[in-house]
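Peer 1: The structure is given below, and queries will be raised subsequently.
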Ligand SMILES: CC(C)(COP(=O)(O)OP(=O)(O)OC[C@H]1O[C@@H](n2cnc3c(N)ncnc32)[C@H](O)[C@@H]1OP(=O)(O)O)[C@@H](O)C(=O)NCCC(=O)NCCS
């Protein structure tokens, strides 16, 4: 199935809590979705520790969707408690391309928001790359508004005039340390 096709019959989706066996499949699905060519910033911040960390700190806001006995998608979120407001924050959302445009993200977000409301959230936040049209359309269709463009900046430290010298210095220091390593005494 492609992201463009849209069969008539509804897709039977099961939403459940993420468990320990989902960690690797969720990470790999994210690797497939958050690619460096499309969304470099999302790509750089997605790694296995992101999944493991949120599973440790916010297990109640880590959900997966199953369809046809396969991992159809996931959502990972957190709650931020401020003095007067409790915010629900959708950190990661991904749907297997095989099941896109069939309401999987819709069901995942609904279940997450229900849970967050239960825990006091009265405001939801989500963010993504401005070029990520499917996600921006998805969130606006879902009722998210007040879109603000966030500026992401990056720098290759090796190419920087000053920081590049620090990196070269550290590299030379490491190489010198290898040369200076004392030899093991030979047994007589
Ligand atoms: C964004 C994403 C999660 C949507 O998941 P989904 O299960 O396909 O979404 P749903 O079927 O629940 O909702 C579909 C709605 O979202 C929007 N949408 C989803 N994909 C779209 C696309 N390729 N082009 C335009 N709009 C799209 C539309 O409003 C659509 O409604 P419609 O089908 O009536 O036009 C999915 O495309 C995805 O995983 N993208 C890659 C990962 C990502 O960008 N995650 C978000 C940032 S962390």
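Peer 1: Taking 8 Å as the Cα distance limit and 6 or more residues as the minimum spacing, I'd like the relative contact order of the chain as a percentage. Intermediate results must be reported in sequence, preceding the final value.
Peer 2: On the way: 226 pairs, mean separation 35.7, N = 188.
Here the relative contact order equals 19 percent.
Peer 1: Could the peptides 145-151, 90-96, 132-138, 100-106 be put in order, highest first, of the mean number of other beta-carbon atoms found within 10 Å of their residues? List each step's numbers first, then the result.
Peer 2: Working: 145-151: 6.7, 90-96: 22.1, 132-138: 14.9, 100-106: 20.4.
Going by the mean number of other Cβ atoms within 10 Å, highest first, we get 90-96, 100-106, 132-138, 145-151.
Peer 1: For the chain, set up a GNM with springs between Cα atoms under 10 Å and report which of 126, 72, 177 has the largest fluctuation.
Peer 2: Of 126, 72, 177, the most mobile in the Gaussian network model is 177.
Peer 1: From the Cα gyration tensor of segment 14-155, with a ≥ b ≥ c the square roots of its eigenvalues, which class applies: rounded if a/c is under 1.5, or else prolate if a/b is larger than b/c, or else oblate? Numbers along the way, then the final one.
Peer 2: Working: a/c = 1.29, a/b = 1.04, b/c = 1.23.
Verdict is rounded for segment 14-155.
Peer 1: Identify which of 165, 70, 82 has the largest mean-square fluctuation in a Gaussian network model of the chain, with springs joining Cα atoms closer than 10 Å.
Peer 2: 165
Peer 1: Once you put a point 7 Å from the Cα of residue 181 and another 7 Å from the Cα of residue 169, both along the Cβ direction, what distance in nm separates them?
Peer 2: Placing both labels 7 Å beyond Cα along the Cβ direction yields 2.5 nm.
Peer 1: Also, I was wondering about something else. Using Cα pairs under 8 angstrom and six or more residues apart, how large is the relative contact order of segment 73-170, in percent?
Peer 2: 23
Peer 1: Could you put 84, 140 in order, starting from the residue whose Cβ has the fewest other Cβ atoms within 10 Å?
Peer 2: Working: 84 6, 140 11.
Fewest to most other Cβ atoms nearby, the residues stand as 84, 140.
Peer 1: With N set to the number of residues, divide the alpha-carbon radius of gyration of segment 81-127 by 2.2 N^0.38 Å and report two decimals.
Peer 2: Values: Rg = 12.5 Å, N = 47, 2.2 N^0.38 = 9.5 Å.
That works out to 1.32 for segment 81-127.
Every number in this text was worked out from the coordinates using simple rules, so none of it is lab data. Values in this document were obtained by computation on a predicted structure and should not be read as measured data. Every residue, glycine among them, receives a Cβ derived from its backbone with ideal geometry; neighbour counts consider all protein chains shown.
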